[in-house]
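> Have a look at the structure that comes next, please.
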Amino acid sequence: MKELLISLIVVAWLCGTAAVNQTQDNANVKVKKTKTNAIKEEKGVLVLKKSNFEQALKQHKQLLVNFHAPFSGESQSLAIEFTKAAEQLKAESFKVHLGVIDVSSEKDLAKELNVTAFPSLRLYISGDKQNPVICPVVKTASSIITWLKRRSGRSAQLIKNLAQAEIFITVEDVVVLGFYEDLEKGGVEAFYAAAADMPDLPFGVTKNKEVFLKYEITKDTVVLFKASKKSEVYEVSSEVSKTDLIQFIRVHEMDLVTEYNAMTSAKILSSVITNHLILFDNKSEENFGKNYEAFKNSAAAFIGKVLFVLIDTDEPRNGRILEYFRVRAVETPSVRMVNLTDNIQYQMQSEITLDKMTAFCQKYLDGKAKPKLQSEPIPKDWDKHPVKELVGSNFEKVGFNEERNVFIMFYAPWSKECQALFQLWEKLGKVYEKHESVVIARIDATANDINILLQQRYPTLMFFPAVYSEKAIPYFGERTLEALVEFVENQVELAKEEKAKEEEERKKYIEAQKLMENTKEEL
């Protein structure tokens, strides 16, 4: 009996010791599990990397991530607004946390998350990194905050009376007001969903009969107000979807013509209308008003089909967009169509009038317009006439030729000034038709891309001397046959002198190189 009692005591002691050890082990494991490094934070924004991204997803139920490309101007602008939004949301103790991923140093993480466009905002919910909510195009801190708040609560402001409605329609240049007889029916859900996805616009909703009466609404309707006035009306039903409403609003929120600038660029580039007709013109020019009126008047017939955009070529901040379209100041005014899905450009080959632009738009929509190419095909008989016909693919070969002096007319086929000069240019071509070193040529600069700086409006006249260095000398003199011939003769003589100097310099260089090689051999 004594031995049994001792055995039971030993077993109990061993069990107790094991339990204590197990408790200690569990405690150690628990400490080990919770021991994580704090994620670095800058001005309320978490600095996310591949090493801490999973941790951030686990720690924060809602995480809005900015995929930032530091060398992108658009990314830099958004980063500033993103930081402002983070600081404000943190001050309000809002439940969504904001983080940033520098895609230039976290390429693998961006690839893993299938992010290819920058900047890009994505909202990760409950740690699900495979199905983030894509944030629509936003450019300001207020838009970011509005989008987040609309997702967590009522996405449209409830308008309870007429006085409130009259104040609401004045808060921005463009506002959206939904008139619904019953705010509990399923039909209004599409309106709330559209509001949640459009944080750049104020959305209101009302069932107040006095408001209905004031704005002459008799059934469920969505109304777009511009400058505090009822502009566009869309009668809705339970079949109308969020996509339908967004399409209606995005099409009609834009003016007939939208000028491209920092405030409008995002809306233009994200427009649901992908066909953009662009007027490139200098707003300070005398004829701008006439061109703009024709452009604007033609827009009314293509609402919902073509977005009409003005780009002021006299605005220094538009330099990058002009470079993208390869538009030179001397080419303006000009009109081009571009489709944002394929970026193919179509040049309007005529003067700017209402009839011409209407016909051009319709021709494009009918699929009959020809794309603007880098070069037209080389004509079979391009060099068989007194005036040689150049295109993009043979321009440099002919122009920059050390054996030939080439005088080129850069023209726009619709320009009356160019048309008036054609006959004179033909006469000049006949003067030098059999000359051994002079070529008279012309090129349609609107249909062929040429990498040379033109300093005049069309027609632009430039002389390319027969020298080894690539030179182009603009002609600013009188447009008479005598003046043109005198200019050519003077330039031919100057070219001979310059080429002789170049050959002398070349000779000296070759001799110096030989001397250097001989010296190396002797050493």
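> Restricting the search to region 423-468, which residues are touching a helix residue (DSSP H, G or I) at 6+ places or on another chain (Cβ under 8 Å), at pLDDT 95 or above, among the charged types (D, E, K, R) and open to solvent by less than 80 Å² (accessible area, probe 1.4 Å)?
Passing the criteria: only ARG442.
Rundown of residues vs (1) open to solvent by less than 20 Å² (accessible area, probe 1.4 Å); (2) of a type in the set (A, V, I, L, M); (3) free of Cβ contacts under 8 Å to residues at least 60 places away in the same chain, yes/no style:
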| site | (1), (2), (3) |
| --- | --- |
| GLU232 | no, no, yes |
| HIS252 | no, no, yes |
| ASN261 | no, no, yes |
| LEU277 | yes, yes, no |
| GLU285 | no, no, yes |
| GLY289 | no, no, yes |
| LYS305 | no, no, no |
| PHE308 | yes, no, yes |
| ARG317 | no, no, yes |
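> Here's another thing I want to ask about it. State which residue is farthest from the chain's Cα centre (by Cα) when the search covers only region 124-151 and only residues that are over 30 Å from LYS209 (Cβ atoms) and in a helix (DSSP H, G or I).
Looking at residues that are over 30 Å from LYS209 (Cβ atoms) and in a helix (DSSP H, G or I), I get ARG151.
> Here is a further query. Within region 203-245, which residues are closer than 16 Å to ALA165 by Cα and assigned to a loop (DSSP other than H, G, I, E, B)?
If the condition is that a residue be closer than 16 Å to ALA165 by Cα and assigned to a loop (DSSP other than H, G, I, E, B), then LYS207, ASN208, TYR215, GLU216, ILE217, ALA227, SER228 are the ones that fit.
Matching residues to (1) open to solvent by 100 Å² or more (accessible area, probe 1.4 Å); (2) at negative phi; (3) of a type in the set (Gly, Ala, Ser); (4) modelled with pLDDT of 95 or more:
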residue: ALA483; (1), (2), (3), (4): no, yes, yes, yes
residue: GLU486; (1), (2), (3), (4): yes, yes, no, yes
residue: GLU489; (1), (2), (3), (4): no, yes, no, yes
residue: LYS499; (1), (2), (3), (4): no, yes, no, no
residue: GLU502; (1), (2), (3), (4): no, yes, no, no
residue: LYS508; (1), (2), (3), (4): yes, yes, no, no
residue: GLN513; (1), (2), (3), (4): no, yes, no, no
residue: ASN518; (1), (2), (3), (4): no, yes, no, no
residue: GLU521; (1), (2), (3), (4): yes, yes, no, no
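> Within region 177-195, is even one residue in a loop (DSSP other than H, G, I, E, B), under 23 Å from ALA266 (Cβ atoms), touching a residue at least 24 places away in the same chain (Cβ under 8 Å) and not aromatic (Phe, Trp, Tyr)?
The answer is no; no qualifying residue exists.
> Related question: State which residue pairs qualify: first residue more than 13 Å from ILE273 (Cα to Cα) and inside region 338-349, second residue among the polar types (S, T, N, Q) in any location, beta carbons under 6 Å apart, and separation of 6 or more residues or different chains.
GLN347/THR446
> Let me ask you something else. Which pairs have Cβ atoms under 9 Å, sit 6 or more apart or on different chains, and link a residue in region 141-161 that is under 14 Å from PHE94 (Cβ atoms) and open to solvent by less than 60 Å² (accessible area, probe 1.4 Å) to one that is among the small types (Gly, Ala, Ser) and not in a helix (DSSP H, G or I)?
Taking only residues 6 or more apart or on different chains, the pairs are ARG150/ALA156.
> Go through (1) touching a Ser or Thr at 6+ places or on another chain (Cβ under 8 Å); (2) over 22 Å from ILE268 (Cβ atoms) and name the single condition LYS209 misses.
Every condition holds for LYS209 apart from (1).
> List every residue pair whose Cβ atoms sit under 8 Å apart, with the two residues 6 or more apart in sequence or on different chains, where the first one lies in region 360-387 and is closer than 30 Å to PHE407 by Cα and the second, anywhere, is open to solvent by 60 Å² or more (accessible area, probe 1.4 Å) and charged (D, E, K, R).
PRO386/GLU426; PRO386/LYS430; PRO386/GLU433; VAL387/GLU426
> Can you spot a residue in region 503-520 that is within 16 Å of LEU428 (Cα to Cα) and among the β-branched types (Val, Ile, Thr)?
Within region 503-520 (the criterion being within 16 Å of LEU428 (Cα to Cα) and among the β-branched types (Val, Ile, Thr)), the answer is no, since none of the residues qualifies.
> Considering (1) surrounded by fewer than 17 Cβ atoms within 10 Å (Cβ to Cβ); (2) more than 30 Å from the chain's Cα centre (by Cα), say which one ALA165 fails and leave the rest.
The failed condition is (1).
> If a residue counts only when it is surrounded by 14 or more Cβ atoms within 10 Å (Cβ to Cβ), which helices (runs of 4 or more DSSP H) contained entirely in region 37-123 have at least 3 such residues? Working first, answer last.
Working: elements: 53-59, 73-91, 107-112.
Because the criterion is at least 3 residues that are surrounded by 14 or more Cβ atoms within 10 Å (Cβ to Cβ), the helices (runs of 4 or more DSSP H) in region 37-123 that meet it are 53-59, 73-91.
The values are calculated or read from the model by the stated rules, or taken from the named source; none is laboratory data. These figures come from a predicted structure and were not determined experimentally. Using ideal geometry, Cβ is built from the backbone for each residue, glycine included, and neighbour counts are taken over all protein chains shown. Protein only, heavy atoms only, side chains kept; ligands, DNA and RNA dropped before computing areas. Shrake-Rupley method; radii C 1.70, N 1.55, O 1.52, S 1.80 Å.
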